[in-house]
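Accompanying notes for the structure given below.
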Amino acid sequence: MQDDIPFIVHDITEYLNEFGLKQQGLFRVSGSVNKVKHLKEKYDQGNQVNLTKDGEPESAASLLKLFLRELPKAVIPDNVHDNIIRTFQDNRNDTEECCQQIKQSLGCLPHVHYSLLEYLCKFLLKVSSYSDYNSMTLENLAKVFGPSIFFVPISPKSQEEQMLCNALLLHILQHTEIFFSEPDGNKLQLVQEVIPEPQDENLILGSEASSVQTSSNDRMSPTTEVLMADTYINAERL
């Protein structure tokens, strides 16, 4: 964990900041299936990963989306998802009110979820600033990352709901400076007031906690590592 951001996310975004921002169709053009599988296995086994040597922009981008999709619970989890969608639907024609209400809803996210969402939004803003090269405007990025940030259950209305989630993500990206301007201390106070502590003390990005000491064979996959309120269970760098 680095500044509340999973190492795999930090590694990939740092690599793409250096080598991928001008890549045509970044995040839309899929990487090699075999290369993505190989990189994922190395992270899962706890090995050091040199993306400059072993990766390529398309594969690194695909691995980032895969990591987010395989989290046990979404970056914006169900207990916030439903409320924020309703807020967006009810206020989307009033930008100022919509931003105020969504900011309050985002303040209900657990700290690690909030930090990851903020980090991703700011990274995607940077990617979009190179859209003349990579063709990835905010609209395109919202379509690509919507399914990775919001988990929409399969139903007859799945496509409609996913489109709404994508539109909400676009709104968040377009107003990132508003949604993530509040000091962290105020946000944490709001979380304590609005959301009671879960009984098992596990945060939503992870599953049941295990011992800090694990062998290389027992090490959890980065997609299932436990993110506790103030502690990342695996202290070692992936």
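Summary of values
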item	result
Pair D90, R28: separation of 7 Å Cα→Cβ label points (nm)	3.6
21 Å Cα-Cα threshold exceeded, pairs from K73/K143; K22/K122; K37/K126; K22/K53	K37/K126
Centroid-to-centroid separation of segment 97-127 and segment 10-35 [C-alpha atoms, Å]	23
Protection-proxy order for peptides 88-101, 63-76, each taking the mean of Cβ atoms within 10 Å per residue, highest first	63-76, 88-101
Directionally averaged projected area (convex hull, Cα atoms, segment 1-117), nm²	8.8
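Bear in mind these aren't lab numbers, they're just calculated from the coordinates by the rules spelled out. Remember, predicted model here, so these are calculated numbers, not experimental data. Don't worry about glycine lacking a Cβ; one is built from the backbone with ideal geometry, like all the others, and counts go over all protein chains shown.
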